[in-house]
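Novice: Take a look at this one; I'll ask things after.
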Amino acid sequence: MDNSAMPKNPTLQLGTTIWLAAMTGALALSLTVIPQLLENTPQPIPTGMAIAASIAQTAILLALAAWAGAALSRPLGLGAPVFEAMLSGTSAWPAVKRQIAPAAIGGGLVGAALLVLVRVAPSELAVLAQEIEIPVIAKLLYGGVTEEVLMRWGLMTVLIWLPWRWMQKRAGLPRRSYVISAIVASASLFGALHLPAVVAMGASLTPATVTFIIVGNTLPGILFGLLYWRHGLEAAIVAHALSHGVYTLAS
């Protein structure tokens, strides 16, 4: 094997590459949504300061998530095969080919589910959707890449690694129960973490709103977690981005 084709520090290079990819979504969302949120604030802070703070906060969280996934995923049987192939100088096509079908099916199913869910959404959320315009590029990049790096590559990986390290003592691949528990836990937190954003947009946390937000984001999160587990990070990324694309085009 030609060792010159291998990264000198594969963990650092993988983590850095995934961090840079995820930061595109953080930039897209902060630059387009924060100015809208500050328009009607009684005593707004300077827009530039708010954008910079949002980007800095997300950058730190993404750095932690990117490092955790790069450092801990491989012994767990997880990975980002497309990124890894590109960094090692080998063809990424075999990895891409294995991910196309499951990612397309998963993204299509979630996109179709979003079209159904929006019809039963609480009226308050429907009004917010008209007041706050999130550009398609921000939905694709932030939802598809940033959220998947944070919730699956980072959080889900850590939640699997902890019981595998301390209870299973690193013996073999993690037990299926650990993986399923991590998928559900990370997806549930993914759903709950949407609530502060809804409040920031001006909605009230009524029981109907809370239930709709948590359930409507937890169920797709479980599917994305399964895709990450079975097919790699990129499958979850593509499925998540595709779900927003399908919903946008169909609606």
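Just so you know, all these numbers are worked out from the coordinates, no wet-lab data involved. Predicted model, so just to flag it, every value in this text is computed and none were measured. Neighbour counts run over all protein chains shown; Cβ positions are idealised from the backbone, glycine included.
Novice: Quote the relative contact order of the chain in percent (integer), defining contacts as alpha-carbon pairs under 8 Å separated by 6+ residues.
Specialist: Averaging sequence separation for qualifying contacts and normalising by length gives 30 percent for the chain.
Novice: Can you pull the one-decimal nm distance between simple spin-label points at Glu131 and Val199, each 7 Å off the Cα toward Cβ?
Specialist: Reported label-point gap for Glu131 and Val199 is 1.6 nm.
Novice: Can you give me the distance in nm between label points at Arg176 and Ile100, each placed 7 Å from the Cα along the Cα-to-Cβ direction?
Specialist: Here the answer is 3.0 nm between the modelled labels.
Novice: Test of understanding: what is the full-extension gain from Thr211 to Val184, defined as 0.36 nm times their sequence separation minus their Cα-Cα distance?
Specialist: Contour length minus Cα-Cα distance gives 8.1 nm.
Novice: Right, another one. Just to be sure I understand the model, the point goes 7 Å from the Cα along the line to the Cβ. What's the resulting Lys8 to Lys169 distance in nm?
Specialist: 3.9 nm
Novice: Excluding the sites themselves, what is the longest stretch of the chain that contains no trypsin sites (Lys or Arg not before Pro) in a DSSP loop with at most 10 other C-beta atoms within 10 Å?
Specialist: By the stated rule (loop sites, at most 10 other Cβ atoms within 10 Å), 9-168.
Novice: Kyte-Doolittle cut-off 0.0, length cut-off 30 Å along the helix's own axis using Cα: show which whole DSSP H helices in the chain pass.
Specialist: Span-like helices, by this rule, are 10-38, 47-72, 93-117, 207-231.
Novice: Another question about this same structure. Straight-line reach from Lys139: which aspartates and glutamates have a Cα under 19 Å away, not including same-chain ones fewer than 8 places off?
Specialist: Glu131, Glu147, Glu148, Glu234
Novice: Starting from region 82-155, pick out the GluC sites (Glu not before Pro) whose DSSP state is loop and whose Cβ has at most 16 other Cβ atoms within 10 Å.
Specialist: Glu133
Novice: For the chain, what does the helix formula give at 222 nm: sum of -39500 (n - 2.57) over DSSP H segments with n ≥ 4, over the residue count, nearest 500 deg cm²/dmol?
Specialist: -23500 deg cm²/dmol
Novice: Provide, as a two-decimal number, the C-alpha radius of gyration of region 136-251 over 2.2 N^0.38 Å, N being how many residues it has.
Specialist: Region 136-251 yields a ratio of 1.15.
Novice: Now for a different question. Would you mind getting me the FRET efficiency between Ala56 and Leu249? Use the beta-carbon distance for r and R0 = 25 Å, nearest 0.05.
Specialist: According to the calculation, E is roughly 0.15.
Novice: Using only the Cα atoms, what convex hull volume per residue in Å³ does region 49-181 have?
Specialist: Each residue corresponds to 175 Å³ of Cα convex hull volume.
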